Amino acid sequence: MATPKDKIPKRFTRFMEKYPEIGKAYYELGEAVHKAGPLDAKTRALVKVAISGGAMMEGAFHSHIRKAVQAGVTKEEIQHVALLALPTIGFPSMMALLSWIDDILKEED
């Protein structure tokens with residue numbers, strides 16, 4: 001599998017530099033919700049991929065794909081999340097998710 005791009009979006013970096021207290025609070029909130037339940041890191045990562053994909057939030061979906069790979073999720077597992085979304089979000093949206101996955105995890109042709 002291709003390595004996901006490690007580049008953090010400039011907009012996010014600039015925001016964190018301009019508003020470090022908000023950035024810190026945002027990070028701490030994320031840590032707290034991850035620790036609040038019994039799901040393991042891989043499952044939490046897949047849930048985040050599914051939520052951002054279902055909401056059609058391309059930037060968040062890209063970010064959660066990168067984080068999922070770091071948590072040990074495979075490209076095939078991420079693609080399965082997109083396929084599972086088909087009955088709920090429809091064919092065109094599911095196809096967009098597959099495209100966004102390829103944006104991060106390029107197909108090796």
What are the residues in region 31-62 that are in a helix (DSSP H, G or I), without any contact (Cβ under 8 Å) to a residue 24 or more places away in the chain and surrounded by 12 or more Cβ atoms within 10 Å (Cβ to Cβ), if any?
-> HIS34, THR43, VAL47, LYS48, ILE51, SER52, ALA60
Subset of region 1-25, residues closer than 28 Å to LYS75 by Cβ and either at pLDDT 95 or above or not in a helix (DSSP H, G or I) (or both), comes to MET1, ALA2, THR3, PRO4, LYS5, ASP6, LYS7, ILE8, PRO9
Across region 74-93, what is the number of residues that are more than 15 Å from the chain's Cα centre (by Cα) and of a type in the set (A, V, I, L, M, F, W, C)?
-> 5
From the set of residues in region 42-75 that are out of contact with any helix residue (DSSP H, G or I) (no Cβ under 8 Å at 6 or more places or on another chain) and of a type in the set (Gly, Ala, Ser), which is farthest from LYS10 (Cα to Cα)?
-> ALA55
Under 8 Å from the mean Cα position of the chain (by Cα), at pLDDT below 95 and not aliphatic (A, V, I, L, M), is that true of SER52?
-> no
Out of region 67-80, which residues are crowded, with 19+ Cβ neighbours inside 10 Å and more than 23 Å from PHE91 (Cα to Cα)?
-> ALA68, VAL69, VAL73
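The values are calculated or read from the model by the stated rules, or taken from the named source; none is laboratory data. Everything numeric here is computed off the predicted structure, so don't read it as measured data. Methodologically, a virtual Cβ is constructed for each residue, glycine included, from the backbone with ideal geometry; neighbour enumeration extends over all protein chains shown.
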